[in-house]
Amino acid sequence: MAENLIDGFARHTNSADLIEVYARPLTIGTTGKLLGVSEDHGTELLALCESLTTPGDADEQVQQRRRLRQLLHKTASADTHEGGLLYDILLPTHSDGALSPDEATDLVLAVYAGGRTPVALLASAFLVLLGDRAALTELREDPDIWRTAPDELLRFIPVGLSGGFSRLAASDTSVGGCPVRSGDAVLPATISANFDEDVFGRDAGRLNLRRTDNPHLAFGFGVHRCPGAPISRILVEVAIKAILEKIPNIGLSGSSQVVWHSGLTIRALAELPVEW
Ligand code: HEM
C-alpha cells in the first residue's frame, strides 16, 4: 500500500504535501483494512470522525453522527464486503448481539479518531527526520535500527497535548508526593514523563534511534492503553522505510513555514510540503 501510494504521486510531480498524498491515505487504508472499509468509504468515514472529534456546532454534530451510523451500516451490508471488524460487529447475523448499533458506532468512532494520531505522528516524524541528516543516514544504513527506531520516534514526538485521558482515583493515594483523594480527577502528564531524565538518562531530550531501554508512555498505560499500539509501530516503520527507499533525495520544501493545526486535542501539522 505504501509503495503504491508513493508510485502514484512521485511519478507525476517533484513536490507535494506529504500529509495529503501519503500519511493520510496510508492511515485511512490501514484503518480501513482493519475494519473492512473500502478506500472511498474510508475517506468519508475519517472526515466524519475528524469533524466529530473537533469542537464544533452541536446540531451539526448530531447530523454527522447520524450520517456516520448510516454510512457504517451501508458499508457493512455492501455485497462486495470482504469481512473485517465492522462486518463482525454491525451485522446481526455475524455478531452475537454484544454491541448495540450505538455502541458499535462509538467503537468505530474511537478507532477512526485513533486513526488521526498516526497521521499526526507520521507527519511530525518526517519533519524531524528530514531535518536531521545524521538520523537519516542511520536509518538508511543500518537495518537493525528498526528494532528500536519506531519506539524512539513515539517517545520523542508528542502527539497528544497532555498525554492521555484523565483518571479518577479509586482510593486515597499520592502521586509523586502530591496527595490525591478518592474521587479526584488526575491528568497524567505522560508527555513530560517521556522526557524524564531519571528514566531515560541524561540524553532524554535527544532523539536516539538506538535507545533500547525505552519504557515510554506514548500509548498511555493500564487498561485504557492504546489498542492501536502494535499497528501504529508497524505503520511508522513501513511508512518511513518506503519513503526513504523510493525517494532517496526527498527533503523539506525550503520555502515553506511549519504550520500547526489549532483547536485540536492532538498536536498535528496542517501540511508538510516536501520536494525531491
Ligand atoms: C501514533 C499512533 C497512536 C498514538 C501515539 C496513540 C496514543 C493513544 C493514547 C495516549 C491513548 C490514551 C491511553 C491512556 O489514556 O492510557 C490512546 C487511546 C486509544 N487509542 Fe490510540 N494512539 C495511536 C494510534 C491509534 C490507532 C491507529 C488506533 C485505532 C486503530 C487507536 C485507537 C485508540 C483507542 C480506541 C483508544 C481508547 C482506549 C480506551 O479508552 O480503552 N490509536 N491512544
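Hey, can you tell me all the residues within the range 254-267 that are in a loop (DSSP other than H, G, I, E, B) and either in contact with a Leu (Cβ under 9 Å, 6 or more places away or on another chain) or more than 22 Å from LEU52 (Cα to Cα) (or both)?
Just the residues of the range 254-267 that are in a loop (DSSP other than H, G, I, E, B), to begin with: 254-259, 261-265, 267.
Matches in the range 254-267: GLY254, SER255, SER256, GLN257, VAL258, VAL259, HIS261, LEU264, THR265, ARG267.
Checking each residue in the range 4-51 for being part of a loop (DSSP other than H, G, I, E, B) and under 28 Å from SER253 (Cβ atoms) picks out ARG11, HIS12, THR13, ASN14.
Going by the structure shown, is ASP40 more than 16 Å from the ligand (Cβ to nearest atom) and at pLDDT 80 or above? Before the answer, list the steps.
Numbers: more than 16 Å from the ligand (Cβ to nearest atom): yes; at pLDDT 80 or above: no.
Judged against the criteria, ASP40 is not a match.
Only one entry in SER262, SER232 is of a type in the set (Ser, Thr, Tyr) and surrounded by fewer than 17 Cβ atoms within 10 Å (Cβ to Cβ), namely SER262.
Quickly run through the range 110-141 and pick out the residues that are within 16 Å of the ligand (Cβ to nearest atom), over 15 Å from ILE243 (Cβ atoms) and in contact (Cβ under 8 Å) with a residue 40 or more places away in the chain. Please lay out each step first, then the result.
First, pick out the residues of the range 110-141 that are within 16 Å of the ligand (Cβ to nearest atom): 110-129.
Subset that is over 15 Å from ILE243 (Cβ atoms): 110-117, 120.
The answer is VAL111, TYR112, ALA113, GLY114, GLY115, ARG116, THR117, ALA120.
List the number of the failed condition for ILE243; all other conditions in (1) touching a residue at least 60 places away in the same chain (Cβ under 8 Å); (2) surrounded by fewer than 17 Cβ atoms within 10 Å (Cβ to Cβ); (3) in contact with a helix residue (DSSP H, G or I) (Cβ under 8 Å, 6 or more places away or on another chain) hold. If we test ILE243 against (1) touching a residue at least 60 places away in the same chain (Cβ under 8 Å); (2) surrounded by fewer than 17 Cβ atoms within 10 Å (Cβ to Cβ); (3) in contact with a helix residue (DSSP H, G or I) (Cβ under 8 Å, 6 or more places away or on another chain), just (2) comes out false. Can you find a residue in the range 45-52 that is modelled with pLDDT of 75 or more, away from the ligand (no atom under 16 Å from the Cβ) and surrounded by fewer than 18 Cβ atoms within 10 Å (Cβ to Cβ)? Yes, the range 45-52 has at least one match. For the range 142-159: of the residues being closer than 14 Å to ILE266 by Cβ and modelled with pLDDT of 95 or more, which is farthest from the ligand (Cβ to nearest atom)? Among residues in the range 142-159 that are closer than 14 Å to ILE266 by Cβ and modelled with pLDDT of 95 or more, the one farthest from the ligand (Cβ to nearest atom) is ILE157. Per the listing VAL180, VAL236, the residue uniquely modelled with pLDDT of 95 or more and either within 10 Å of the ligand (Cβ to nearest atom) or not β-branched (Val, Ile, Thr) (or both) is VAL236. Here VAL108 meets the list (1) modelled with pLDDT under 95; (2) within 13 Å of the chain's Cα centre (by Cα); (3) surrounded by 22 or more Cβ atoms within 10 Å (Cβ to Cβ) almost entirely, failing just condition (2). Taken over the range 25-34, the residue count meeting the criterion of being within 13 Å of the ligand (Cβ to nearest atom) and either free of Cβ contacts under 8 Å to residues at least 60 places away in the same chain or surrounded by fewer than 21 Cβ atoms within 10 Å (Cβ to Cβ) (or both) is 4. Could you tell me whether any residue of the range 1-14 is more than 22 Å from ALA229 (Cα to Cα), modelled with pLDDT under 75 and not aliphatic (A, V, I, L, M)? Within the range 1-14, not a single residue is more than 22 Å from ALA229 (Cα to Cα), modelled with pLDDT under 75 and not aliphatic (A, V, I, L, M). If only residues of the range 207-229 that are over 18 Å from GLY160 (Cβ atoms) and surrounded by 12 or more Cβ atoms within 10 Å (Cβ to Cβ) are counted, the one that is farthest from the ligand (Cβ to nearest atom) is ARG210.
The values are calculated or read from the model by the stated rules, or taken from the named source; none is laboratory data. In this text, all values refer to a predicted model and were calculated from it rather than measured experimentally. Cβ sites come from the backbone with ideal geometry, for glycine too, and all protein chains shown count toward neighbours.
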